[in-house]
1. Which listed residue (169, 158, 114) has the Cα farthest towards the positive end of the charge dipole for the stretch 72-194, taking +1 on Lys and Arg C-beta and -1 on Asp and Glu C-beta about the Cα centre?
2. How about the stretch 167-228: which chymotrypsin sites (Phe, Trp or Tyr not before Pro) there are in a DSSP loop, with at most 16 other Cβ atoms within 10 Å of their Cβ?
3. What net charge do the residues around residue 36 carry, taking every other residue with its C-beta under 13 Å from that of residue 36, with Lys and Arg at +1 and Asp and Glu at -1?
4. Taking the Cα centre as origin and putting +1 on Lys and Arg beta-carbons and -1 on Asp and Glu beta-carbons, what dipole magnitude results for the chain, to the nearest 20 debye?
5. How big is the charge dipole of the stretch 16-99 about its Cα centre, in debye rounded to the nearest 20, if each Lys and Arg gets +1 on its Cβ and each Asp and Glu gets -1 on its Cβ?
6. Select from the stretch 172-210 those trypsin sites (Lys or Arg not before Pro) which occupy a DSSP coil region and have at most 16 other Cβ atoms within 10 Å, ordered by residue number.
7. Let me check something: with ligands and nucleic acids excluded, how do 234, 15 order by accessible area (1.4 Å probe), largest to smallest?
8. If you add up the charges near residue 56, with Lys and Arg at +1 and Asp and Glu at -1, over every other residue whose beta carbon is less than 10 angstrom from its beta carbon, what do you get?
Amino acid sequence: MSPSRRAQLAVALIFVVPLLWGFNFLIARSAPGVIAPNTLAAERWLLAGLAFGAVAWRELWQHRRAVLADWRHMLVLGALGMWICGAWVYLAGQSTNATNMALIYAISPVMIALISRLWLKEAFGARQALGVALALAGVVHVVLRGQWGALAQLQWAAGDLWMVGAMLAWAFFTILLKRWRSPLSDMGRLAVMSAWGVLVMLPLLAWEAASGPLPLLSWQGAGLVLAAAALPGFGAYLCYTFMVRELGAARAGAVLYLNPPYAALMAWAILGEPIHGYHLVGLLLILPGIWLVNRR
């Protein structure tokens, strides 16, 4: 494939990857009563990790000493990116809707920019600060369900809190990916991080199996695991890796901005969840805020 055709494909994938990631929010809403959150996350990343490893096994063997020496970094990245950003999203799905989850998660690029300025000393001017303020206002508007007068008596839904934690974990996951270098390709790193993420989740999976009423796997649960591993797991990350290589990180990051409208439309079309006015107002604040943050 010629470079121009690869670039065209990468641009087209900007509108496909949010659809793949959007399924994760729908899976989170469908999982309660079917499969436990940590069980779903662990089984998802076990399958996705095996798929990543099948593609990258040669370079994993070639760099096996570097992989073993870098185990601490991979452990932290696996815990942040695969456990917290996986299981906590599924925990959130027990008490909040898919649109709320996507809108809160959409603040991740803003938090990445803010942490980069404070920790990595990257440029962050007045325009970026305005973007942070707008995006944060959009998230608060969603959490408050548009009732700003209730701010003094704020009571967060448990699902919103789980999503805020997952959003912060994704921000630090991204920052640490930039800070900690590796000889592995993106596919190789994802295979190793998936393995560590599964190891971190094994005690929680065992606890859910011993104390919870839900089975480790049922036919319906197996369908959710396969969907989570294939679509928002292997498929989305494989496409995203290609986009980063062809377009660069900044342009590829546009997929995160499209997650909220995609998730809202998918939740409305598939799950029948209503779209409220406060969702639209929050989106109208978040998207311009994220655009300002990424202006040079």
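1. Of the options given, the answer is 114.
2. Those that pass, being in a loop and sparsely packed, are 180.
3. Result for the neighbourhood of residue 36: -1.
4. Value, rounded to 20: 1000 debye.
5. Value, rounded to 20: 140 debye.
6. Passing both the DSSP loop test and the Cβ count: 181.
7. 15, 234
8. 0
The values are calculated or read from the model by the stated rules, or taken from the named source; none is laboratory data. This one's a predicted model, so the numbers in the text were calculated from it and none came from an experiment. Cβ: placed from backbone, ideal geometry, glycine included. Neighbour counts: every protein chain shown. What goes into the accessible areas is simple: the full protein's heavy atoms, side chains included, and nothing from ligands, DNA or RNA. Shrake-Rupley method; radii C 1.70, N 1.55, O 1.52, S 1.80 Å.
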